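Read-outs throughout are calculated quantities, based only on the coordinates presented, and are distinct from any laboratory measurement. This structure is a prediction, so every number in the text was calculated from the model and none was measured. Methodologically, a virtual Cβ is constructed for each residue, glycine included, from the backbone with ideal geometry; neighbour enumeration extends over all protein chains shown.
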Amino acid sequence: MRSLSVPVLLAALLILAALAVALAPGYASAEEGDGPAAGAPEKADPKKAAPAEAPKLEDDVVILHNDSIWKGRIISENEKSVILETTSKGGGVGRYTFPRADVKQIRRAENIDRAAGGGPHALRDEWFLLRRGGRIVGTRRVELWSVKSRGKPGYRLEEKIEFLAQGPQLPATRTHRTEEVDLDWKPRLLAWHEEGERGKDGDGPRGYSRRASGRVVDGVWRGSVYSGNVAGRAEVRLPAGARGRLGFREHLLRLPRRVRLLDTRVIDPDREGMVAVRAGFTSVTSEPSGKRPGHEFHWEEGGRRLVSFFDAGQRVVREEIAEGLVALPASREQVEAAKGESATKDGASREVRLAEAGLAFTAPDTVWNWKPTLGTATSTGWRVLGRLDNRVLLTDMRIEWHPHNATSERDPARVEAWLLRRLRGVSPDLKVVDQRKALTGVKGAWRLDVTGTLKKESVRTTVVVVDRGTGRVVLLLAGPTGAWGQVRPALERMLATIRLL
């Protein structure tokens, strides 16, 4: 659990319509002369002088054909490239990408814990969609790694938050928080990076970048702090038992569950100091009604209370990370889809990806026009996600999203009965002409065909129902009954492309 810094909260409030961006997976090196800043892994220049400090025994070593030596920890390696993560004495972290053709030799340290494929061992990797009211406004990723830091076992926690851009005056913002901790979740290294993009075409706010990172040595966090091109230093003495935001959250999630709130002060590099918080569980039971979907967790800070829910382990059910800003679990594919709800694949087809519903499909050709429906601040219940229409064939597809709750019906026969009752409300003569059957290629999905009179016209509709863990997707593909022979081939091709994200 964390509280966003003031600049991020202000940006988030200004960007309620939707904020977002592709997050750079690193933050800048903490000391002058440590090497380039690491946003996305940087392509290393073989001609450039390597870091001057001699390799240590606990480091991996990459030797290039120009005999330059690079030390650190190899986090990725394949036939095309090698990615090396380095940490300076001040705690700055950088990532460098070496083309495989430039690499002469690799020497691996024997005392670094590695997964089967090399590098630190990932214990947890969680993806989230950020929602405010009925809108997806950003994404979040939380990672937990088992690592060794300077030869000692521990963990690395990372939280990456992206707010989606919405127009030239509402640019994207992103934050990246990292903590390397010991086995009791107490910090060894703390790093934080926040940046906002500049408005396009000279409109909107100016871009900015702020970062702070450093190691904890002898009970003192010594950090390098940068705001734009202005550099500074910070020192914070940690009280006994102090933890960072991510470490304290993880510590609470792993304690024996009981109702209690603990008062403490956490070290926060973006505040360059200690922050008073009160956090813990206020309930450790789940109600079948769904009113309390898990163990209720509170985080109180600066007069604000954030309410979240976790399962019996450390998994998030829903987590409030700022006032009114909720993180909901999602797949990596859903998060990627949120960054671009639709994308043209080629000149003859268009893929539509629905992040909230976790569903994707491809329109038959460019004659079909996809129009997504934007959520509103009150659209937390069922809603129409969008429409796909073909004015040549007078055909359209309407896509609905029905969130599940504890009382939602799951039995296909009962869902079909509910759906038919609803459709007969607008078409009283509705009848089933093709009985319910499984939708090929999509587990748990089914379809049926109905006909009825709508606005004095005979209309045939193929109904598709896809149940997801968090809700139900209903697709209504409708066209004139008299022209169904022409319409059906295109609709069947489209149904064949439906896939889950």
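Order these peptides, 275-284, 452-461, 255-264, 186-195, by their mean beta-carbon neighbour count within 10 angstrom, highest first. Don't skip to the answer; put the middle values down first.
Values: 275-284: 16.6, 452-461: 15.0, 255-264: 12.0, 186-195: 24.3.
Output ranking for 275-284, 452-461, 255-264, 186-195: 186-195, 275-284, 452-461, 255-264.
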Likely footprinting exposure, 68, 227, fewest C-beta neighbours within 10 Å first: 227, 68
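Taking 0.36 nm per intervening residue step and subtracting the Cα-Cα distance, what contour gain separates residue 229 from residue 318 on full extension? Don't jump to the answer; show the numbers that get you there.
Working: separation 89, 0.36 × 89 = 32.04 nm, distance 3.78 nm.
Stretched out fully, the residue 229 to residue 318 stretch lengthens by 28.3 nm.
What's the magnitude of the charge dipole for region 341-500 around its Cα centre, counting Lys and Arg as +1 and Asp and Glu as -1 at the beta-carbon? Answer in Debye, nearest 20.
Values: 26 positive and 17 negative charges, 44 e Å.
Charge dipole, region 341-500, about its Cα centre: 200 debye, nearest 20.
Which entries of 431/456; 148/186; 71/160; 371/456; 71/148; 431/455 show an alpha-carbon separation above 19 angstrom in the structure shown? All intermediate terms of the calculation are to be shown ahead of the outcome.
Numbers: 431/456 16 Å; 148/186 14 Å; 71/160 25 Å; 371/456 26 Å; 71/148 15 Å; 431/455 16 Å.
Violating the 19 Å limit, Cα to Cα: 71/160; 371/456.
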Show me the ranking of peptides 420-432, 298-310, 242-254 by mean Cβ neighbours inside 10 Å, starting with the highest. 242-254, 298-310, 420-432
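May I ask you to derive the relative contact order of region 188-320, considering only C-alpha pairs under 8 Å and at least 6 residues apart, and to give it as an integer percent?
Details: 264 pairs, mean separation 18.7, N = 133.
Averaging sequence separation for qualifying contacts and normalising by length gives 14 percent for region 188-320.
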dims of region 341-500, Cα set, principal axes, largest to smallest, nearest Å -> 43, 36, 32
Return the distance in nm (one decimal) between the two label points of a simple spin-label model at residue 275 and residue 100, each offset 7 Å from Cα along Cα→Cβ. 4.3 nm
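How long is the gain from residue 421 to residue 307 if the chain were fully straight, where each residue apart is worth 0.36 nm and the alpha carbon distance is subtracted?
Between residue 421 and residue 307, full extension yields 37.2 nm more.
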FRET efficiency (residue 411, residue 152; Cβ distance; R0 60 Å; to 0.05) is 0.65
How large is ³J(HN,Hα), in whole Hz, for each residue of region 473-484 in order, when computed from phi with the Karplus curve 6.51 cos²θ - 1.76 cosθ + 1.60 and θ = phi - 60°, using x for Gly and Pro? 9, 10, 10, 10, 9, 10, x, x, 4, x, 10, 4
Through the Karplus equation 6.51 cos²θ - 1.76 cosθ + 1.60, θ set to phi - 60°, convert the phi angles of region 220-225 into ³J(HN,Hα) values in whole Hz; use x for Gly and Pro. 10, 8, 10, x, 9, 10
Net charge near residue 182: determine it from the other residues with C-beta under 13 Å of the C-beta of residue 182, scoring Lys and Arg +1 and Asp and Glu -1. +4
Positive-end residue of 500, 475, 427, charge dipole of region 341-500 with Cβ unit charges: 427
